[in-house]
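What follows draws every value from the coordinates through simple rules; no lab data is involved. From a predicted model like this one, the values you see are computed outputs, not experimental measurements. Note: ideal-geometry Cβ built from the backbone for every residue, glycine included; neighbour counts use all protein chains shown.
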Amino acid sequence: MAKGKVIISCAVTGAIHTPSMSPHLPISAEEIAESAIGAAEAGAAIIHLHARNPEDGRPDQNPDLFEPFLKVIHQRSDAVLNLTTGGHPSMTVQERIRPADRFAPEVASLNMGTMGFGLFPMLERYKDWKYEWEPAALDASRDLVFKNTYADIEHLLATLSPKGTRFEFECYDTSHLYNLKYFLDRGLVKAPLFIQTCFGILGGIGSHPDDVMHMKRTADRLFGDQYEWSVLGAGARQMAIASMAASMGGNVRVGLEDSLWAGPGTLAETNAQQVRLVRQIIEGMGLSIATPDEARAILDLKGADRTEI
């Protein structure tokens with residue numbers, strides 16, 4: 001586990017929230033690039049990236065939509081770039097892997113288990129929609145399985161590991177930690193593991209402090225000193241969970257993918273705003289944030305010059 005240096009990851013736009021939920025959600029390549037660069041300048045060492053259709057904000061894994069913002073971020077920032085292989089729960093693994101396969105990033109996300117991914121409760125919070133696809137996609141999650149089978153995980157590992165890409169292992173429940181242990185024991189993944197424990201998504205573990213402790217204890221027992229722990233808290237619990245984890249020696253993830261908020265009833269205007277908030281908390285504890293190169297050393301990454309961006 002990291003001692004003293006806290007890696008801040010920022011998930012810039014994601015695939016969960018929709019354009020009607022916030023006017024500040026980055027949609028176009030220019031918006032995603034500028035928001036990512038701002039987050040890096042504010043202190044994020046790792047930038048986690050999805051793409052959206054610029055016409056209507058729909059999540060889209062077309063690598064051609066990733067390329068414009070990836071090149072700009074790569075040219076103007078030293079941040080570690082982390083590409084999604086989760087895409088959207090409705091996509092196949094073949095669709096989801098396309099950007100990471102093409103660009104061979106330093107890091108790619110990897111979801112460690114099949115699960116429900118219930119976004120439909122957000123229908124109760126919003127009434128006015130810019131696009132028809134938004135409420136339809138949320139409602140469809142009532143009967144949607146986010147498929148991450150062992151074969152899917154093996155396919156992602158077999159495709160991306162030879163490129164030198166390492167992984168942000170997204171674990172939404174304790175079973176996902178056990179799945180990761182299975183792959184570690186068989187030599188299909190290697191330490192140091194970057195484990196992102198995810199809290200507050202319907203279908204995964206909750207966001208109570210006991211849930212955080214349970215995931216941490218389980219990871220400690222399974223992986224010992226072979227992993228780096230990070231947390232993301234969905235929605236209003238983002239900063240509380242980040243604060244708890246940082247105080248326990250962990251790393252943190254913020255960003256508009258995970259939460260639209262900068263405080264009770266206050267929409268975050270930028271990703272950088274959330275990064276500054278969590279940085280203030282971290283530094284207020286007497287801890288230091290990791291630079292991109294320090295994050296590369298902690299996670300044993302290949303370096304930005306060895307990607308295909």
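Give me the percent of DSSP beta bridges within the stretch 1-127 that run antiparallel, rounded to the nearest 5.
On the way: 1 of 10 bridges.
Percentage antiparallel, nearest 5: 10.
DSSP beta bridges in the stretch 196-277, what fraction antiparallel, as a percent rounded to 5? Walk me through the intermediate numbers first.
Values: 2 of 10 bridges.
About 20 percent, rounded to the nearest 5.
Taking the DSSP beta bridges in the stretch 69-188 as the whole, what percent of them are antiparallel, to the nearest 5? Before the final figure, lay out the partial values.
Values: 2 of 9 bridges.
Of those bridges, close to 20 percent are antiparallel.
Got a sec? How would THR149, THR307, THR291 order by Cβ neighbour count within 10 Å, fewest to most?
Values: THR149 11, THR307 21, THR291 15.
Fewest to most other Cβ atoms nearby, the residues stand as THR149, THR291, THR307.
Exceeding 20 Å between C-alpha atoms, which entries from my cross-link table qualify? They are LYS163/LYS190; LYS163/LYS302; LYS190/LYS302; LYS71/LYS302; LYS5/LYS190; LYS147/LYS302. Please report the intermediate quantities before stating the final value.
Values: LYS163/LYS190 14 Å; LYS163/LYS302 10 Å; LYS190/LYS302 14 Å; LYS71/LYS302 18 Å; LYS5/LYS190 22 Å; LYS147/LYS302 29 Å.
Beyond 20 Å between Cα atoms: LYS5/LYS190; LYS147/LYS302.
Which of MET91, HIS17, ALA108 sits closest to the plus end of the dipole of the stretch 1-115, meaning its Cα is farthest towards the positive end, when Lys and Arg get +1 and Asp and Glu get -1 on the C-beta?
ALA108
Mind sorting VAL278, VAL93 by how few other Cβ atoms lie within 10 Å of their own Cβ, fewest first? The partial results should precede the final answer.
Working: VAL278 25, VAL93 19.
The most exposed by this proxy come first: VAL93, VAL278.
Cut-off is 10 Å between beta-carbons; in what order do ASP211, ASP305 appear when sorted fewest neighbours first? Could you put the intermediate results ahead of the total?
Working: ASP211 18, ASP305 8.
So the residues, fewest neighbours to most, are ASP305, ASP211.
Using the Cα centre as the reference, give the magnitude of the dipole from point charges on the C-beta atoms of the chain (Lys, Arg: +1; Asp, Glu: -1; all else neutral), rounded to the nearest 20 debye.
Working: 29 positive and 39 negative charges, 146 e Å.
Dipole of the chain, to the nearest 20 debye: 700 debye.
Consider the candidate values [x] 112; [y] 145; [z] 134; state which one is volume of the Cα convex hull per residue in Å³ computed from the structure displayed.
Given [x] 112; [y] 145; [z] 134, the structure-derived one carries the label [x].
When the dipole is taken about the Cα centre of the stretch 79-167, and only Lys, Arg (+1) and Asp, Glu (-1) are charged at their Cβ, what size is it in debye, to the nearest 20?
Values: 10 positive and 11 negative charges, 48 e Å.
It works out to roughly 240 debye.
Which residue, chosen from ALA290, PHE117, THR149, occupies the Cα position most advanced towards the positive end of the dipole of the chain, where the dipole is computed from +1 (Lys, Arg) and -1 (Asp, Glu) charges on Cβ about the Cα centre?
Result: ALA290, furthest along the dipole toward the positive end.
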